Amino acid sequence: MTLEIKLDNTSNRNWDNDHFMHPWEGMDYLGQNDRVFIEASNGVYVTDEAGKQLIDGPAGMWCVQVGYGRHEIADAMADQARKLAYFSPFNNTNSVATRFAREVAKRAPGDLNHVFFTTGGSTAVDTALRFVHFRNNLLGKPEKKKIISRQKAYHGSTYFAAAVSGKERDRLWLDKPNELAHFLPDVNPLVRKPDQSVADFLDEKVADLENAILTLGAENVAAFIAEPVLASGGVIVPPVGYHKRCIDVCHKHDVLYISDEVVTAFGRLGHWFASKDVFDIQPDIIICAKGLTSGYSPMGAAIFSDRLMEDITGADGQGATFSNGYTYSGHPVSAAAGLASMQIIEREGLLEHVRGVAPLFQERLRGLSDLPLVVDARGMGLMGCVQCSYKGDKNSTLENDYALGALIDMECQELGLVLRPIINMCVMSPPLVISEDQINQMFDILGQAIRKVDSVKGV
């Protein structure tokens, strides 16, 4: 299917370069970019300005869970906007936002019942970290403020969230509060020593955490923040048992465990939340966004456990106010989108669908491992990464890695597939509605693109 889209391409491209400053904008190429315009969509497909249809491999930015073109969500948003487009969460409340908070809490594991709505994932992380500090101040532990994170972790781009993000190249030119965060080494099994077993690597990663807590002093460490799967770091799947052992270490030393499920929640791994159902842990706080509304409207949430609230509320609250919030917290149009998305996920059995098609997704993903340029193919659920390098060298130069990734990305677009290119990593996290035939088509294209780039450049 093609869609005729009439655009003044020259004007739009000029306006894009002159006025639209994009995320992660490279200063060397400011005003000189030739980005593809995405103008329409349906199901798992997006359509560019020339009317060409492409499979949306990353579901936008890990977020379009129920697929594009869902009139049910659009209608719910429009109806809500006509009825009530906005209310002040500082002074009032609203039945749609309240119901959405209840529905999120019902699906969250254990006693995670307190839902603080934000504008997205970054502000949800900020909210969680501010709450942890706030709580320790009320408990008379003003020094207990350090946050432990991991190299390659990504938790957001607001100041507080960026401070605990461990993607090193994102930290080169922007200031950050260095006193806040402590970073543990990379948890990717790919980087373990040549003679090291995965079991020994797991022991080492757990020891990293406990040693850091002991070195910093448990009285100074407030929380450990971790993604179940490190998404933007390259779909890094820690060794089996890692999260379970880490949360045990945290609770042994009175350190809170924050599970950043901005990517993994709302079906990406086949469950509403991955922490309990996939990794068998009960976090103190869960962060979510993206799939919360299937990307149809901006929204995020920090979800707090009853346990964290019990000793700082009522008489123990000391008259304190958690003075953190956003103009658009609990926005009724976003809440309406989230409720409609939830209804689709449940009515169409999309969680079960993901669990059904994920084995094929992972089989096809790992089937690319034998290609000459592929260093690693890894993933879980409907998340995957194919890491490529010339000569199969996992320590290739950054310049070569960028160039190779760009070539593969360009070739995939020519063949009808949008990727999430992260340097030399081809990342995929398609809409949850993707069929087995579409999964096969997606990996056929990626394989063909890698072979084409290999044949042109040589190794």
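The values are calculated or read from the model by the stated rules, or taken from the named source; none is laboratory data. Fair warning: this is a prediction, and the values are worked out from it, not measured in the lab. Every residue, glycine as well, gets a Cβ built from its backbone with ideal geometry; the counts of neighbours run over all protein chains shown. Ligands, DNA and RNA are stripped out before the accessible areas are found, and what is left, the full protein with its side chains, is counted by its heavy atoms. Shrake-Rupley method; radii C 1.70, N 1.55, O 1.52, S 1.80 Å.
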**Asked** Within the range 404-459, which residues are in a helix (DSSP H, G or I), hydrophobic (A, V, I, L, M, F, W, C) and over 16 Å from Gln53 (Cβ atoms)?
**Response** Leu404, Ala406, Leu407, Ile408, Met410, Ile439, Phe443, Leu446, Ala449, Ile450, Val453, Val456
**Fill in**
Only unsatisfied item for Ser435, checking (1) of a type in the set (Ser, Thr, Tyr); (2) touching a strand residue (DSSP E or B) at 6+ places or on another chain (Cβ under 8 Å); (3) at pLDDT 95 or above, is (2)
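Okay, residues lined up against (1) surrounded by fewer than 19 Cβ atoms within 10 Å (Cβ to Cβ); (2) in contact (Cβ under 8 Å) with a residue 24 or more places away in the chain; (3) part of a strand (DSSP E or B); (4) touching a Gly at 6+ places or on another chain (Cβ under 8 Å):
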position: Leu308; (1), (2), (3), (4): yes, yes, no, no
position: Ala335; (1), (2), (3), (4): no, yes, no, no
position: Ala340; (1), (2), (3), (4): no, yes, no, no
position: Ile345; (1), (2), (3), (4): no, yes, no, yes
position: Pro372; (1), (2), (3), (4): yes, yes, no, yes
position: Asp376; (1), (2), (3), (4): no, yes, yes, no
position: Glu399; (1), (2), (3), (4): yes, no, no, no
**Asked** Do any residues in the range 7-26 that are surrounded by 10 or more Cβ atoms within 10 Å (Cβ to Cβ) have Cβ atoms under 9 Å from those of residues that are assigned to a helix (DSSP H, G or I), where the two are at least six apart or on different chains, and which pairs are they?
**Response** His22/Asp16
**Flag for Val206 being among the aliphatic types (A, V, I, L, M), out of contact with any strand residue (DSSP E or B) (no Cβ under 8 Å at 6 or more places or on another chain) and over 24 Å from Asp284 (Cα atoms)** = no
**Prompt:** If you take the residues of the range 159-173 that are in a loop (DSSP other than H, G, I, E, B) and surrounded by fewer than 17 Cβ atoms within 10 Å (Cβ to Cβ), which of them is modelled with the lowest pLDDT?
**Reply:** Leu172
**Item:** All strands (runs of 3 or more DSSP E) inside the range 30-128 with 3 or more residues being open to solvent by 50 Å² or more (accessible area, probe 1.4 Å)
**Value:** 38-42
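Residue-by-condition table, conditions (1) under 22 Å from Pro58 (Cβ atoms); (2) not aliphatic (A, V, I, L, M):
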{"site": "Val357", "(1), (2)": "yes, no"}
{"site": "Phe361", "(1), (2)": "yes, yes"}
{"site": "Arg366", "(1), (2)": "yes, yes"}
{"site": "Asp376", "(1), (2)": "yes, yes"}
{"site": "Cys385", "(1), (2)": "yes, yes"}
{"site": "Tyr390", "(1), (2)": "no, yes"}
{"site": "Asp401", "(1), (2)": "yes, yes"}
{"site": "Leu407", "(1), (2)": "yes, no"}
{"site": "Gln413", "(1), (2)": "yes, yes"}
**Message:** Return the pair list, or none, for Cβ contacts closer than 8 Å from residues in the range 405-427 that are at positive phi and in contact (Cβ under 8 Å) with a residue 40 or more places away in the chain to residues that are assigned to a strand (DSSP E or B) and open to solvent by 30 Å² or more (accessible area, probe 1.4 Å), at least 6 apart or on different chains.
**Reply:** Gly416/Gln53
